[in-house]
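Heads up, the thing below is written out as structure tokens.
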Amino acid sequence: MSLEKVGDGYGSVGGEFERYHRGFVSQGKLWLFAKKYFEQPTHNWGHYVTFQGSYALSFCLEGKTWNRIDIPAVSNEENLAEELFVANDNIYMLLFTNFGAVEVKSLHKWNGESFVPVYIEAPQAVTGLEPTSRVEFFAAISANDGPEVYFVCNGEGIKVYKLTLNDDSACIEHLTDIDEETNGIRGQAVFAYTDGKEVAVGFGVHGCGFRWERSSFFAVDINTKAARCIEVPGDYDSAPKFCFSGTQALSVHPECGSWIHATGSNQVGMCDSKYDGSVWKLTNIFTSPEWVKIDGEIPEGGVIVPYKNEFYNVGQDEVTKFTV
């Protein structure tokens, strides 16, 4: 894995910065979307989100210049959550009910200044969940940057959805649920990958805290809707040691299709953690999966932005790029 400096960091744009950002590459620019904390007193909760008003930082990969843009609120509704993702080289925001129901509320497209609404057809809400049941959607990463995006959802088990984007509208449909026989341990999705034929679902389980399962994942056939659990052979030292929700930055190698996992947190003692900058790839995902460790590490301190087989480390002082 090689390292090169790409440019100066975002500190030059001035102003105060939030602690958390979500990063993407789109249309020749690096984008960082700040996540601000908003309370959800009805649910005794709170979360870091962009949709209630924030800012974006853009870095032109060709011109090496930074720009800061204030983002107006898309909604101030308390019981909402978001998933940001890239499709067709555009950045989108999916909003959904956060507690008590599985319900897609709206879709928005980033136009460089704000998130504008996109008409979306969505299935009927799944209601009747416990009011404290938290729902999450995760976009599956893919080597194909096309109009179809697959999502996995935590809400009465693990559900799989397919989003189809058109020029000025979209449709999201529920494909299937992972059956109880396959998910007997009641795993919860933390991220996903797709090759267009199957969806691989990384999951974690509650025990002494919440832990990502590095030695197995669920696979869902897109056509037959059949689900299975695939084991990844190996011992403790032959797999990532990321704990809690697992890998922080994920991508797909454009040539070999390997699922790249970069950086995470390792548990220290009972409650503490430390940064782990290692990079791994999962090969032969749906046939004979194997973890392979990549030489080198990504230093701590920046926002890790994946793009194909590249990982940008974006900090206030500099932007560096790691190529796998």
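The values are calculated or read from the model by the stated rules, or taken from the named source; none is laboratory data. Not measured: the values here are computed from a predicted model. No Cβ is skipped: glycine too gets one built from the backbone with ideal geometry, and neighbour counts run over all protein chains shown.
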Looking only at residues in the range 78-119 that are outside any strand (DSSP E or B) and among the acidic types (Asp, Glu), which one is nearest to VAL13 (Cα to Cα)? GLU113
Qualifying residues in the range 22-55 (those that are among the polar types (S, T, N, Q) and in a strand (DSSP E or B)) - the one surrounded by the fewest Cβ atoms within 10 Å (Cβ to Cβ): GLN40
Quick one: what pairs do we get from the range 157-174, first residue more than 16 Å from ASN88 (Cβ to Cβ) and β-branched (Val, Ile, Thr), second at pLDDT 95 or above and in a loop (DSSP other than H, G, I, E, B), C-beta under 9 Å, 6+ apart or different chains? ILE158/ILE178; ILE158/ASN183; ILE158/GLY187; VAL160/ALA140; VAL160/ILE178; VAL160/ILE222; VAL160/LYS225
Picking from SER58, SER75, the residue that is polar (S, T, N, Q), touching a strand residue (DSSP E or B) at 6+ places or on another chain (Cβ under 9 Å) and not in a strand (DSSP E or B) would be SER75
Return the total of residues in the range 147-187 being assigned to a strand (DSSP E or B), small (Gly, Ala, Ser) and surrounded by fewer than 20 Cβ atoms within 10 Å (Cβ to Cβ). 1
Is it the case that the range 272-284 has a residue that's under 18 Å from ALA192 (Cβ atoms), in contact with a Pro (Cβ under 6 Å, 6 or more places away or on another chain), of a type outside the set (Gly, Ala, Ser) and part of a strand (DSSP E or B)? yes
Out of all the residues in the range 106-117, which are surrounded by 18 or more Cβ atoms within 10 Å (Cβ to Cβ) and either among the β-branched types (Val, Ile, Thr) or touching a Leu at 6+ places or on another chain (Cβ under 8 Å) (or both)? SER106, LEU107, HIS108
Take residues that are loosely packed, with under 13 Cβ neighbours inside 10 Å and tell me which of the strands (runs of 3 or more DSSP E) falling wholly in the range 203-245 contain 1 or more. 209-212, 227-231
From ALA73, ALA56, ALA87, ALA101, grab the single residue that is touching a residue at least 12 places away in the same chain (Cβ under 8 Å), touching a Pro at 6+ places or on another chain (Cβ under 9 Å) and not hydroxyl-bearing (Ser, Thr, Tyr). ALA87
